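Report on the structure given below.
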Amino acid sequence: MIAYLGRRLIQSLLILLGVSLITFALLYLLPADPVRQIAGRSATPETVENIRRQLGLDQPFIVQYWHYLARLLGGDLGRSYIQRSEVTELIVSRLPASLLLMVGAILCELAIGLTMGLIAAVRRGTATDQTLMVASFVGVSAPQFVVGLLLLYVFAVRLGWFPIGGYGSWRHLVLPSLTMGILGAGWYARMMRSSMIDVLRQDYMRTARAKGLARGAILFRHALPNAILPVVAMIGIDVGVFMGGIVVVESVFGWPGIGQLAWQAIQRVDIPIIMGVTLVSAFAIVLGNLLADIIAPFIDPRIKLR
Amino acid sequence: MRRFLASTVAASALALMLGMASARADDAVDPNIKQGGAITITYKDDVATLDPAIGYDWQNWSMIKSLFDGLMDYEPGTTKLKPDLAESYEISPDGKTFTFKLRHGVKFHNGREMTADDVKYSLDRVTNPKTQSPGAGFFGSIKGYDDVAAGKAQSLSGVTVVDPYTIKFELVRPDATFLHVMAINFSHVVPKEEVEKYGADFGKHPVGTGAFKLAEWTLGQRIVFERNADYWHKGLPHLDKITFEIGQEPIVALLRLQKGEIDVPGDGIPPAKFQEVMSDPEQKARVVVGGQLHTGYITMNTTMAPFDNVKVRQAVNMAINKDRIVQMINNRAVPANQPLPPSMPGYDKAFKGYAYDVAKAKALLAEAGHPDGFETQLFAMNTDPNPRIAQAIQQDLAAIGIKASIQSLAQANVIAAGGDKAGAPMIWSGGMAWIADFPDPSNFYGPILGCAGAVPGGWNWSWYCNKDLDAKAAEADSVVDPAKSADREKMWSAIYDKIMEDAPWAPVFNEQRFTLKSARMGGADNLYVDPVHIPINYDNVYVKDVQ
């Protein structure tokens, strides 16, 4: 177990290093000059060159990357080109909002997805099953931008149940979580359905039925715990999907998380922020996967870490 | 559309020169307007910085103006210069020395009195390369600028503190735009002790002399401005508080405005909802329309064949159906025939430009040796409505035989292509177009049409360089005497007329501003389309529900 963890940690670090190198190289190769973005329209060529020199952007690629890495090891992600604030400060101030949204989204997708999957499995082959599976398919394929605006329009503007975007109370959290959750719920519904069908086919289920147990007891005490575990173990892997989703959802709802920060930075070619958010997301994804692997054997003793 | 009264500027500036500082009458703040109330303004993007030496986008520009002051400013809602922190000023007969008398008793938000030393410190700071100010170049006419810019000196030798309330500027050349330079944010006055206290984070902890002070800044969520009770300009500001909510999509902001939750959507009316808003009489009544110091244009690279032939460039000018393009963007603009926008001093009302005439355009193209047209590329920014406008231009060009392929790219990439001499034959400027830094005709020349901008990484994407016009521009800018400003404007009009003869651009339209406000917002319409304050003039507006 320890050896396994050590190996995985080294792998994770290598992945992060690779991500940093690739992102840095892609941003370096962009046919857009960040210095001119900073300097603005009226800057003289002299001002532009001066800013370039001070940011170290006149150095060759490898030197720039080396400096970045050196600072990174000291926990310094640099200063935003446009906002001129420390990237660490910008990310730290926005991280709690993104984490909160992630928790909300996980709750939504589990609640909706597992319920849908359970009902579909029990009613396998019926119209209910088919309707739910079509619904899950729509949930998976609907663009989050559209889902978000639709929810906003119906529940906030027309019905007035929730605030129109923003951040602060649990009521602000519902619609963005739901928007994020609907996508995941589609996946979970499908996984839950097949996992449940698998379990229901097992011999011990037939035994339970033969014993004359009540239908509710069979489903909730014997089938559900076995069917749900492999599905829940997927949450760690979900982190990657979330990181993509928050860019869109946070923008629609005005949610002050790192997705919104990333989107703005991309539009303004604010390289230190793009690098920072990419690394933090990569870290979250690597960590999520690692956790998923570590908890897998606790959930299903048939899995062994080697 | 507001009309600029050139003669008024001349007259008022002259009056001030004669020492009539009392002519200000403190801008005649209406004593009947009661102070109080709070408003909410939304923005999609984070506010970059509130440091006046650094902030240079339309969003923080106006916010900085409310936190800080400069020696000069503009009459609210107009392009008319007036002294601000200065009480009066004098210009030497050769136009090379400007002496400003400062107002007494002006206090920074930290309580300390502002003096001439602070003015000098602020200018030394903005020109110091370490500050990385995008506006350093505006101060190039001050003596000693070159040494500071090169890092050889820490202080501008041409700026002298005569006494705590008098400051003198010596210039290397007469500069008619100098009073405007003293009004742009980059010259706004900052207190040394606060700058040193916060260092690179001063932009997050701004302390100035302005009408408002920063009360709260929660990153990514909101910025709150609170009324500066000690503001030197008695009677201003009218509002007690302004809350800027950050991170709101324009479409969400509009929905919130309709529910009465906010007062001004800072990013404007989203294009997709524009017609809906304008066709609803109740909402339309709350829209203020005004001109903007903006021109949208097509550049033609004069160093690349076949655009090195003036006839080809003129033919393109005649081929563009500007009315149709203006219609396409829901009439949110007016067709343009010259580089300067109509609200800019020096705009030539008599100038007719190139009329839309396909037959004549074809004939010119044939004369230029391209009877069957040619193939070329049109670069455009990839956000709506620019790709649609580029397609309309493409169709217009096709009608005279020019087959243009569209390169629809991110803003930074288009800017990079324009700054490369062999990068882009044609560029539609939408989304990156020139909005003046200050309301003076010279501001549309140097960087975008003059030889100085025709360098790698420059903004003169036509690569048009006419040395003769550069000399004429320098001559016009040496006419410093405000009494002769009408003559100076004529000189500038002539320069732009000559540019249109050479046709490095095809001017397409001048964007109009449409500011939507809540029913409770009060104040003259021109405060909501103020040429130097976007979206609105925060210091002078008020709310009706406290009246």
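May I ask you to derive the relative contact order of chain A, considering only C-alpha pairs under 8 Å and at least 6 residues apart, and to give it as an integer percent?
24 percent.
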Fill in the blank from the handout: The residues A:TYR81, A:TYR4, B:TYR165, sorted from fewest to most surrounding Cβ atoms within 10 Å, come out as A:TYR4, B:TYR165, A:TYR81
Completion exercise
Fewest to most Cβ atoms within 10 Å: B:SER157, A:SER98 sort as B:SER157, A:SER98
Problem - Relative contact order [Cα under 8 Å, 6+ residues apart], chain B, whole percent - result: 21 percent
Exercise for the section: Quick one: check the C-alpha center-to-center distance for the stretch B:61-99 versus the stretch A:73-129, whole angstrom. Expected result: 50 Å
Problem - Dipole in debye (nearest 20) - chain B, about Cα centre, beta carbon charges: Lys, Arg +1; Asp, Glu -1 - result: 660 debye
Fill in the blank from the handout: Per-residue average of other protein chain Cβ atoms inside 10 Å, peptide A:155-168 -> 4
Practice task
Considering the options A:GLY186, B:LEU67, A:ILE15, tell which one lies farthest towards the positive end of the dipole of the protein assembly as shown, charges being +1 on Lys and Arg and -1 on Asp and Glu at the Cβ, about the Cα centre.
Solution key: A:GLY186
Practice task
Give me the distance between the Cα centres of the stretch A:164-191 and the stretch B:183-257, rounded to whole Å.
Solution key: 34 Å
Practice task
Determine which residues of the stretch B:106-131 fall in the zone a paramagnetic label at B:ASP146 would reach in this model, i.e. backbone nitrogen under 20 Å from the point 7 Å along Cα→Cβ.
Solution key: B:124, B:127-130
Problem - Principal semi-axes in Å for the stretch A:13-129 [√(5λ), Cα gyration tensor, largest first] - result: 46, 17, 16
Fill in the blank from the handout: The answer for B:ASP73, listing residues at least 5 apart or on another chain whose modeled amide H is closer than 5 Å to its amide H, is B:LYS82, B:ASP84
Problem - From phi via Karplus (6.51, -1.76, 1.60), per-residue ³J(HN,Hα) for the stretch B:500-517 in Hz, x at Gly/Pro - result: 5, 5, 7, 6, x, 10, 10, x, 10, 8, 10, 5, 9, 9, 10, 9, 9, 10
Problem - FRET efficiency, B:PHE351 to B:ALA305 (Cβ-Cβ, R0 25 Å, nearest 0.05) - result: 0.30
Practice task
Write down, largest first, the equivalent ellipsoid semi-axes of the stretch B:141-208 in whole Å, where each equals the square root of 5 times an eigenvalue of the alpha-carbon gyration tensor.
Solution key: 23, 15, 13
Completion exercise
Comparing A:ALA208, A:ALA227, A:ALA296 in a Gaussian network model of chain A (Cα, 10 Å), the one with the largest mean-square fluctuation is A:ALA208
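Calculate, for B:GLN547 and B:ASP280, the FRET efficiency according to 1/(1 + (r/R0)^6) with r their C-beta to C-beta distance and R0 25 Å; round to the nearest 0.05.
Once the sixth-power term is evaluated, E becomes 0.45.
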Practice task
At q = 0.08, 0.10, 0.13 Å⁻¹, what is the base-10 log of I(q)/I(0) for chain B according to the Debye formula with one equal point scatterer per Cα and no solvent? Please give it to two decimals.
Solution key: -0.54, -0.85, -1.41
Practice task
Give the Cα extents of the stretch B:296-377 along the principal axes, in whole Å, largest first.
Solution key: 38, 27, 23
Problem - Theoretical ellipticity at 222 nm over chain A - DSSP helices of four or more residues, -39500 (n - 2.57) apiece, nearest 500 - result: -24500 deg cm²/dmol
Practice task
If a/c stays under 1.5 just call it rounded; otherwise compare a/b with b/c (prolate if a/b is bigger, oblate if not). Do that for the stretch B:44-192, with a ≥ b ≥ c from the square roots of the Cα gyration tensor eigenvalues.
Solution key: rounded
Handout entry: Ellipticity estimate at 222 nm from DSSP helix runs (n ≥ 4, -39,500 (n - 2.57)) divided over chain B, nearest 500
Key = -7500 deg cm²/dmol
Exercise for the section: Can you tell me the dipole magnitude for the protein assembly as shown around its Cα centre, using point charges on the Cβ only (Lys, Arg +1; Asp, Glu -1), in Debye to the nearest 20? Expected result: 3200 debye
Exercise for the section: Over the whole of B:440-450, what's the average partner chain Cβ count within 10 Å per residue? Rounded to a whole number, please. Expected result: 1
Handout entry: Beta bridge orientation in the protein assembly as shown: antiparallel %, DSSP, nearest 5
Key = 75 percent
Fill in the blank from the handout: Taking a ≥ b ≥ c as the square roots of the Cα gyration tensor eigenvalues, with a/c under 1.5 meaning rounded and otherwise prolate when a/b beats b/c or oblate if not, the stretch B:473-544 comes out oblate
Practice task
With a Förster radius of 22 Å, plug the Cβ-Cβ distance of A:ILE299 and A:VAL103 into 1/(1 + (r/R0)^6) and report the FRET value to the nearest 0.05.
Solution key: 0.65
Handout entry: Relative contact order, percent, the stretch B:38-173 [alpha-carbon distance under 8 Å, six or more residues apart]
Key = 20 percent
Fill in the blank from the handout: Taking a ≥ b ≥ c as the square roots of the eigenvalues of the Cα gyration tensor, with a/c under 1.5 meaning rounded and otherwise prolate when a/b exceeds b/c and oblate if not, the stretch B:392-547 is oblate
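Please give the average number of partner chain Cβ atoms lying within 10 Å of the Cβ of each residue in B:326-338, rounded to a whole number.
Neighbouring Cβ atoms belonging to other protein chains average 0 per residue here.
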Exercise for the section: Would you work out which of B:ALA474, B:ALA486, B:SER518 lies farthest towards the positive end of the dipole of the stretch B:463-547? Charges go on Cβ: Lys and Arg +1, Asp and Glu -1. Expected result: B:SER518
Fill in the blank from the handout: Once phi for every residue in the stretch A:18-23 is put through the Karplus expression 6.51 cos²θ - 1.76 cosθ + 1.60 (θ = phi - 60°), the whole-Hz ³J(HN,Hα) values, with Gly and Pro written as x, are x, 4, 5, 5, 5, 4
Practice task
Treat each spin label as a single point 7 Å out from the Cα along the C-beta direction, and report the A:TYR65 to A:MET1 distance in nm.
Solution key: 3.9 nm
Practice task
With label points built 7 Å along Cα→Cβ from the Cα atoms of A:GLU46 and A:ASP76, find their separation and express it in nm.
Solution key: 2.9 nm
Fill in the blank from the handout: Interchain or sequence-distant (5+) residues whose placed amide H lies within less than 5 Å of the amide H of B:ASP45 are B:GLY247
Handout entry: Reference-scaled alpha-carbon Rg (2.2 N^0.38 Å with N residues) for chain A
Key = 1.23
Fill in the blank from the handout: Tilt, helix B:386-399 to longest principal axis of chain B (alpha-carbon atoms), in degrees rounded to tens, equals 30 degrees
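Read-outs: derived from the displayed coordinates by stated rules, not from any lab. Please read these numbers as outputs of a predicted model, since none were measured by experiment. Because the Cβ atoms are built from the backbone with ideal geometry, glycine has one as well, and the counts that use them run over all protein chains shown.
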